[in-house]
């Protein structure tokens, strides 16, 4: 039986971060992962992360994954792949299936960072080929470069459903709709808004009734649901789709901690059954820790901090770190974690439907929650979205308190201020002069910033939008400007296309539209072919 | 079904193109990619039929967890095609229940 000072289950963001912290303190660490590649789900995350610089905001998930792997390698962390941990015992022993054999290890400390599993819904036809998990769609298109289908229906409007829908568009698929049985969109408004403005419709208070097709999906039937989640007769709609993607939440993979006998609690705000942990992630069994989604469903950004904390605590427990050094490092990591855990979407506010105002006292957009875009009348409530400084200037359609501030760092001229609390809405400082560099547009993880010049010339306004699709248009190309709601507004001509390394594939497309559309044109559509 | 160039990832690195067989038919796929991806790219969606109801099944989770996509690979049944790398000359068969041919 081989012995390690620290055994980590799972080489995702939490597990790798834990391994890195422990290895930095010279601990002997091994990480087991059942997959053939490390990184967990990070390599499927091609969007820019939220948070602030310390949380690697505006960096795409797969880049963060690469950084973690390099760091782990440099520190000599042993990562054993194709190794499924199938048993964890109170005495801190683990059984690992490797090459068809069961191998037995003992650890002085164990960190369980096994992640989460996708939830499913069942409906008529749900077993047909063509009904897939949202994670499967990400795996196919972002890891293997294969489209999951041509016409996709997304079931679920949480962040996973929204982010994957956008990724489907980027892969060249058509998203025929995003449905959710809830009355309100579950994920960030900015994620919904960037789908809606490309023309993706939302169907809230809708459930899936049937996946149609003989031996694979050829369509979907959806219907409205009432307050008791029952389908309303006569509201059935047929949608043409070859793929139905399910994104109805995640559940913590807490089987191992349960098996070891750690105390658990069912916490709906954390996504289900989770181990009861102290502030370091230590379970009721001393020396067994849980970090990341196992301990409660959150984002990869918070999983990484939880991993670091557990790694530090394990190092201290084995005498590799002095108590006072540990508590200083813990306080720092913990405050970084609490900065992420604020705002409308925090655990504390999860499921709340009574929020009507932002922290600043602005009226929340009801249309954003029910239709996926902020209506023209509602956007007027937000000063950052209606600035009328002469010349080119940013328009920030960020209307919910979410933990994110790259826009503030993006502007070298100090035009944008978020402040200490990263969930605050950005403010545009009228005294600072915008030079139109567009870094705020490119760095906004929510793609909610536009550069607008209402008086580009006598009759036109210019609008610069973030554009993460192919083909990239050429200067002079003509298209149709779309509104926030995805409605076709007017003809638009591309006057500039900018793409520099620092923008990391968020290209800037500037379009000219008649002046009257300066406040409403937010996307450009090109004829196919 | 393959994404030629992706706006964020660019070109996805693949192994060399190799031949393999599906139910005796010649197919092509990239060496090292999951068998299921090569099939998906070729438009194949049905991996197996269930034993009692003879219902078709295909890719569902794509990460080796749900076992919906199992097929017979080189004579071995119940191989999770979504996590098994494609090799040149592999013989892949549609699975019926737990075997290769439909039960009478």
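Here are a few things to note about the model shown:
- Scan of segment A:203-217 for residues that are buried (at least 22 other Cβ atoms within 10 Å of the Cβ), assigned to a strand (DSSP E or B) and touching a residue at least 60 places away in the same chain (Cβ under 8 Å), ordered by number: A:208, A:211
- Check on residue A:12, within 14 Å of chain B (Cβ to nearest Cβ), closer than 15 Å to residue A:310 by Cβ and crowded, with 21+ Cβ neighbours inside 10 Å: yes
- Residues that are more than 24 Å from residue A:299 (Cα to Cα) and assigned to a loop (DSSP other than H, G, I, E, B), drawn from segment A:381-404: A:381, A:382, A:386, A:387, A:388, A:389, A:390, A:391, A:392
- Segment A:31-40, residues that are surrounded by 22 or more Cβ atoms within 10 Å (Cβ to Cβ) and either facing chain B (nearest Cβ under 10 Å) or closer than 12 Å to residue A:72 by Cα (or both): A:31, A:38, A:39
- Test result for residue A:87, more than 14 Å from every other protein chain (Cβ to nearest Cβ) and modelled with pLDDT of 95 or more: yes
- Of the listed requirements (1) touching a residue at least 40 places away in the same chain (Cβ under 8 Å); (2) away from chain B (no Cβ under 14 Å), residue A:58 misses just one: (2).
- For segment A:257-277, taking the residues that are under 17 Å from residue A:291 (Cβ atoms) and touching a helix residue (DSSP H, G or I) at 6+ places or on another chain (Cβ under 8 Å), the one that is surrounded by the fewest Cβ atoms within 10 Å (Cβ to Cβ) is identified as A:273.
- Filter result for residue A:528 (away from every other protein chain (no Cβ under 14 Å), assigned to a loop (DSSP other than H, G, I, E, B) and over 24 Å from the mean Cα position of the chain (by Cα)): yes
Residue-wise test of (1) within 18 Å of residue A:145 (Cβ to Cβ); (2) exposed (fewer than 15 other Cβ atoms within 10 Å of the Cβ); (3) at the interface with chain A (Cβ under 10 Å from one of its Cβ atoms).
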| residue | (1), (2), (3) |
| --- | --- |
| B:4 | yes, yes, yes |
| B:11 | yes, yes, yes |
| B:21 | no, yes, no |
| B:26 | no, yes, no |
| B:40 | yes, no, yes |
| B:49 | no, no, yes |
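- Counting only helices (runs of 4 or more DSSP H) that sit completely within segment A:105-196, those holding 2 or more residues that are within 14 Å of chain B (Cβ to nearest Cβ) correspond to A:134-138, A:159-170.
- Screening B:76, B:91 for residues that are over 15 Å from residue B:29 (Cβ atoms), surrounded by fewer than 18 Cβ atoms within 10 Å (Cβ to Cβ) and more than 8 Å from chain A (Cβ to nearest Cβ) leaves exactly one candidate, B:76.
- For first residues located in segment A:462-476 and more than 14 Å from every other protein chain (Cβ to nearest Cβ) and in contact (Cβ under 8 Å) with a residue 40 or more places away in the chain, partners that are buried (at least 17 other Cβ atoms within 10 Å of the Cβ) and in a loop (DSSP other than H, G, I, E, B) and lie 6+ apart or on another chain with Cβ distances below 6 Å form the pairs A:462/A:456; A:464/A:438.
- Check on residue A:18, surrounded by 22 or more Cβ atoms within 10 Å (Cβ to Cβ), more than 19 Å from the chain's Cα centre (by Cα) and away from chain B (no Cβ under 14 Å): yes
- Filter result (without any contact (Cβ under 8 Å) to a residue 60 or more places away in the chain and touching a strand residue (DSSP E or B) at 6+ places or on another chain (Cβ under 8 Å)) within segment A:223-253: A:223, A:224, A:225, A:229, A:231, A:232, A:235, A:236, A:237, A:238
- Counting the residues of segment A:276-313 that are without any contact (Cβ under 8 Å) to a residue 24 or more places away in the chain and not in a loop (DSSP other than H, G, I, E, B) gives 0.
- Hits in segment A:484-523 (condition: surrounded by 14 or more Cβ atoms within 10 Å (Cβ to Cβ), away from chain B (no Cβ under 14 Å) and under 24 Å from the mean Cα position of the chain (by Cα)): A:484, A:485, A:486, A:522, A:523
- Members of segment A:218-254 that are under 22 Å from residue A:187 (Cα atoms) and not in a loop (DSSP other than H, G, I, E, B): A:222, A:223, A:224, A:225, A:243, A:244, A:245, A:246, A:250, A:251, A:252
The values are calculated or read from the model by the stated rules, or taken from the named source; none is laboratory data. This one's a predicted model, so the numbers in the text were calculated from it and none came from an experiment. Using ideal geometry, Cβ is built from the backbone for each residue, glycine included, and neighbour counts are taken over all protein chains shown.
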